[in-house]
Amino acid sequence: MNKEKLMKMAGAVRTGGKGSMRRKKKTVHKTTTTDDKRLQSTLKRIHVNAIPAIEEVNIFKDDIVIQFLNPKVQASIAANTWVVSGSSQTKRLQDLLPGIINQLGPDNLDNLRKLAEHFQKQAPGAGAAAKDDDDVPELVAGETFESAAKDDKDVPANDNQAAAVNVNQAAVSSENQAAAGNENKAS
């Protein structure tokens with residue numbers, strides 16, 4: 001390399017004037033949170049012990065379950081402290097229900113029964129409608145399906161549909177009148 005090229009390159013890396021450092025050392029900082037360090041030091045102080053071979057932790061709250069798969073579990077029985085760390089997923093109880101029934105104890109089974117009753121109370125019409133739809137309707141003597149279909153084409157299905165059509169027509173006409181009124185005010 002010639003001297004001119006070398007001086008040009010040296011000038012490019014100099015951050016200050018004559019006599020200053022040519023370049024600063026680039027340091028890589030690790031991103032560690034102070035909260036995590038404080039938590040770990042507190043856990044050491046109360047002497048938590050790791051509990052191995054736990055595959056799953058489920059935390060129940062109302063009808064929501066916080067699920068940890070393969071978590072790190074630590075406990076201090078003397079301090080009545082349990083630490084569950086790892087990646088968590090929030091799911092609904094209905095999604096996990098078939099797989100966790102065998103994990104529930106007798107007190108939780110009572111809660112499960114109450115929850116099932118609650119869901120049945122929420123949708124009473126849905127269960128009754130499903131039972132009615134399964135049955136085959138009975139034929140009236142002297143009528144056939146074809147004659148009933150022809151009669152349905154001539155007559156509206158029910159009075160609610162005819163009323164809905166009348167309400168929609170009235171709403172459209174009132175909107176048109178309002179739009180015409182706004183145009184008259186603008187001019």
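The values are calculated or read from the model by the stated rules, or taken from the named source; none is laboratory data. From a predicted model like this one, the values you see are computed outputs, not experimental measurements. Neighbour counts are summed over all protein chains in view; Cβ atoms, including those assigned to glycine, are modelled from backbone coordinates with ideal geometry.
Restricting segment 38-55 to residues that are touching a strand residue (DSSP E or B) at 6+ places or on another chain (Cβ under 9 Å) and of a type in the set (A, V, I, L, M, F, W, C) leaves a set whose member that is surrounded by the most Cβ atoms within 10 Å (Cβ to Cβ) is Val48.
Residues in segment 10-22 that are surrounded by 10 or more Cβ atoms within 10 Å (Cβ to Cβ) and either at pLDDT 75 or above or not aliphatic (A, V, I, L, M) (or both): Arg14, Arg22. Scanning segment 23-52 for residues that are in a loop (DSSP other than H, G, I, E, B), modelled with pLDDT of 90 or more and among the hydrophobic types (A, V, I, L, M, F, W, C) yields a total of 2. Within segment 85-113, residues that are under 20 Å from Asn70 (Cα atoms) have Cβ atoms under 6 Å from residues that are assigned to a loop (DSSP other than H, G, I, E, B) in these pairs: Gly86/Pro71; Leu93/Asp63, counting only partners at least 6 apart in sequence or on another chain. Scan segment 54-97 for residues that are among the aromatic types (Phe, Trp, Tyr) and at pLDDT 90 or above and the total you get is 2.
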